[in-house]
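Scroll down for the structure; my scribbles are underneath it.
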Amino acid sequence: MKRDILIIGGGPVGLSCAYYLLRSGRKVTIVDSNEIGKGSGSGNAGHIVPSHIIPLAAPGVVTSALKWMLDPSHSPFGMKVSLSPSYLAWLWQFVSACSQGSVERGIKPLYELGQLSADNFARIIAEEKFDCAYQQKGLLFLYKTEKAFHDGQHEGEFMLKHGIPVSVYDKAKVHEIEPAALDEVIGGVHFTGDAHLDPAAFLRLLRERVRAMGAELVENASVTGFSSADGKVRVVRTRAGEFEAEQVILAAGAWSPFVVRDLKINIPIQPARGYSLTMSATMAMPRHALILGERRVAVTPMGARLRFTGRLEIGNYSMEPNPVWIRRIENSAREYLQLDETLDVKETWAGLRPVTPSGVPMIGFAPNYKNLILATGHAMLGLSLAPGTGQLVAELANGQTPHITTQTIHGVQSNSTTVHPSLRG
Ligand SMILES: Cc1cc2nc3c(=O)[nH]c(=O)nc-3n(C[C@H](O)[C@H](O)[C@H](O)COP(=O)(O)OP(=O)(O)OC[C@H]3O[C@@H](n4cnc5c(N)ncnc54)[C@H](O)[C@@H]3O)c2cc1C
C-alpha cells in the first residue's frame, strides 16, 4: 500500500509536522527508530523562547568557547577531538559562520519562526486542552556578577531593538519576583514573551492526538536506506519493512545526515549533547523558567517537578548521561537557588541538539528530490520552533506559499529547490 506522507522521526519536529499535515487533510505515517515522542525532545528544558533570535554561530562564540574550555570543571561547552573529514568540515563552516553578517541573516528567520511557533503552541495547547504544565511567564536570566549582568542587559537592549519584550531588574526587584534566588543574585533580565512547559507531557499528548487524528505510528523502525528514481524517493527501507509514499519528510534531528546518506544529500549537522536532571519539587520552588547566566544552566519548574539542564558537547552521539556533568549542573544551580540539601532526583537524561554551522534550521525541499522535504537542524530550539516548522512543512507539502516567505525564512522554498546554502553541492 502506498502511503500519502511518510515522516522519518517522531521528535518535536516530526510530530508537529504530522499534526499540521493531518489538519490539512493529509494522511500521515511516522516511522521512528525508537519510541515516538522520546528522542532528544522529552528530557529537554521545555523553554519556548521566541526571544532566542541570535543564531548559535555568532561573533565571540569561538573565543568564549576557548575560554570556557580552560575552566573544564565549569565549562558549559565541550567538543569531541576527531579528525573525521565531515566533523572538521563542519567545524570550519561553523567558525566561518561566526560573523556579524551571518548573525544578521539568521535573526529574521529565527524571529519569524519563533513568533509563529509561540502562537501555535498557545493555540494547540488551548484547542487540544493539553495539560502539560504550560506557563506564559517569560524566561528570567539571573546574574551573580556585575560583568555578566552588564552583558545580559546589553543583549536585552539588542533584543528590544528587534521587537522582543525585555525587562531589566535590579537586585530588589529580582528577589521580589523570584524568591527562590539566593542573596548572591544581583540582577535579572526577563524575556517576558517566552513560556515553558513539560516537554515529555506535551510530546506524549501530541503523539496521542495525531494517533487519534488517524496517523499510523511505527516504532522500532529505523530507516536503513532508500530507492529513488526520476528525482523522487520511491521506497523508504526500515527495520520494520519497506514503505512507499507520495512525499517524505526528514525530521530525524541529529541523525539526519546518516539517514539520508544513501541519497547523497550533504546535511551538515553535528550533534550537541546536553544533560538534564529532574527531581521532585523543592521547598523553595522557582516561579519562573530560568537561565543561570554565568553557568548557562537552565531551570524549569514543571508542576510538581523541577528540572535542571546544561552543557553543550559538540560531536558526540552517545546518549548516556554523564554523572560528572549531572553533578556539576546541580552544583551550578546551588550557586543561585535555595535548594533542599538532598534532591529527590527522579531522572537523569542526555539528548542531542542537531546543529547546523549557521545555527539556522533547514526547512524546505531537498535538492534533487521533488518529494523529499527536510525539517531538521533546529539546534537548541527544536521544541521551541517545532509548531511553526510543522505549519511550514504542511504548507510546502500542499503546494501552498509558506506562511513565512522565501524572503524571510532562510532558504525555505515553495518549489523543489535548495533549503539551506550549505546543502548546495
Ligand atoms: C539538554 C538539552 C536541553 C534542551 N532544551 C531545549 C529547550 O528548552 N527548548 C528547545 O526548543 N529545545 C531544547 N533543546 C533542543 C531540542 O531538544 C532539540 O532541538 C529537538 O529535540 C530536536 O527535535 P527533532 O524532532 O528535530 O529531533 P529529535 O528530538 O532528536 O527527534 C528525532 C527522532 O528521529 C528518530 N530517528 C533517528 N534516526 C532514525 C532513523 N534512522 N530512522 C527513523 N527514525 C530515526 C529518533 O529516534 C528521534 O525520535 C534541548 C536539547 C538538549 C540536549
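Only the coordinates and a few stated rules stand behind these numbers; no lab work does. A quick note: this is a predicted structure, and the numbers were derived from the prediction, not measured. FYI the Cβ positions are ideal-geometry reconstructions off the backbone, even for glycines, and counts take in every protein chain you see.
The alpha carbon centroids of segment 212-276 and segment 6-25 are separated by 13 Å. Sorting VAL393, VAL174, VAL299, VAL324 from the fewest to the most surrounding beta carbons within 10 angstrom yields VAL324, VAL174, VAL299, VAL393. The Cα trace of segment 286-365 gives Rg and Dmax of 14.8, 52 Å, the first to one decimal, the second as a whole number.
Ordering CYS17, CYS132 by the number of other Cβ atoms within 10 Å of each residue's own Cβ, fewest first, gives CYS132, CYS17.
Here the Karplus curve 6.51 cos²θ - 1.76 cosθ + 1.60, taken at θ = phi - 60°, turns the phi angles of segment 191-200 into couplings of 8, 6, x, 8, 8, 8, 7, 8, x, 5 Hz, with x standing for Gly and Pro.
Which of rounded, prolate, oblate describes segment 242-339, given a ≥ b ≥ c as roots of the alpha-carbon gyration tensor eigenvalues and a/c under 1.5 marking rounded, otherwise prolate only if a/b is larger than b/c? Cα axes put segment 242-339 in the prolate bin. Taking the Cα centre of segment 274-355 as reference, the dipole from Cβ charges on Lys and Arg (+1) and Asp and Glu (-1) amounts to some 220 debye.
For PHE226, nonlocal amide neighbours, meaning residues 5 or more places apart or on other chains whose placed amide H falls under 5 Å from its own, are ARG237.
Distance from the Cα centroid of segment 92-120 to that of segment 317-338 is 28 Å (rounded to whole angstrom). Using every pair of alpha-carbon atoms in segment 51-134, split the distances into 10 Å bins beginning at 0 and state the percent of pairs per bin, rounded to integers. Bin by bin from 0 Å, the calculated values are 15, 29, 28, 21, 8. Stretching the chain fully between LYS67 and ALA212 yields a gain of 47.2 nm (0.36 nm per residue, less the alpha carbon separation). Roughly speaking, what % of Cα-Cα pairs in the chain are separated by over 31 Å, rounded to a whole number? Roughly 36 percent, once rounded to a whole number. Expressed in units of 2.2 N^0.38 Å, where N is the residue count, the Cα radius of gyration of segment 166-321 is 1.44. Secondary structure note: in the chain, about 70% of the DSSP beta bridges are antiparallel. Computed over the Cα atoms of segment 311-357, pair by distinct pair, the Kirkwood hydrodynamic radius stands at 12.6 angstrom. Going from the residue with the fewest nearby Cβ atoms within 10 Å to the one with the most, PHE243, PHE77, PHE258 rank PHE258, PHE77, PHE243. Taken along its three principal axes, the alpha carbon spread of segment 138-250 comes to 63, 31, 23 Å, from the longest extent down to the shortest. For LYS232, the lysines whose Cα comes closer than 24 Å to its Cα, not counting residues fewer than 8 places off in the same chain, are LYS2, LYS27, LYS264, LYS370. Could you work out which residue, out of PRO50, PRO286, PRO85, moves most in a Gaussian network model of the chain, that is, has the largest mean-square fluctuation with Cα springs under 10 Å? Per the Cα network of the chain with a 10 Å cutoff, PRO85 tops the list. Rounded to the nearest whole Hz, the Karplus-based 3J(HN,Hα) values (6.51 cos²θ - 1.76 cosθ + 1.60, θ = phi - 60°) of segment 263-269 follow the sequence 8, 6, 9, 8, 10, x, 10, with x at glycine and proline. Relative contact order, whole percent, for the chain stands at 26, derived from Cα pairs under 8 Å and 6 or more residues apart.
Using C-alpha pairs under 8 Å with a sequence gap of at least 6, the mean separation divided by the residue count of segment 79-223 gives a relative contact order of 27 percent.
Between amide H atoms placed 1.01 Å from N, distances below 5 Å from VAL297 occur with LEU292, all of them 5 or more places distant or on a separate chain. Each residue of segment 227-244 was assigned a 3J(HN,Hα) from its phi angle through the Karplus curve 6.51 cos²θ - 1.76 cosθ + 1.60 (θ = phi - 60°); the sequence is 10, 9, 7, 6, x, 9, 6, 9, 9, 10, 8, 9, 5, 9, x, 9, 10, 10 Hz, with glycine and proline shown as x.
Proximity of backbone amide H atoms, modeled 1.01 Å from N, is registered between GLY187 and TYR143 at under 5 Å, excluding neighbours fewer than 5 places apart on the same chain.
Between the listed residues ALA289, ILE5, LEU88, the Cα displaced farthest toward the positive end of the dipole of the chain, a dipole computed from Cβ unit charges relative to the Cα centre, is found at ILE5. Within the listed set LYS232, LYS264, LYS38, the residue fluctuating most in the Gaussian network model of the chain (springs between alpha-carbon atoms under 10 angstrom) is LYS264.
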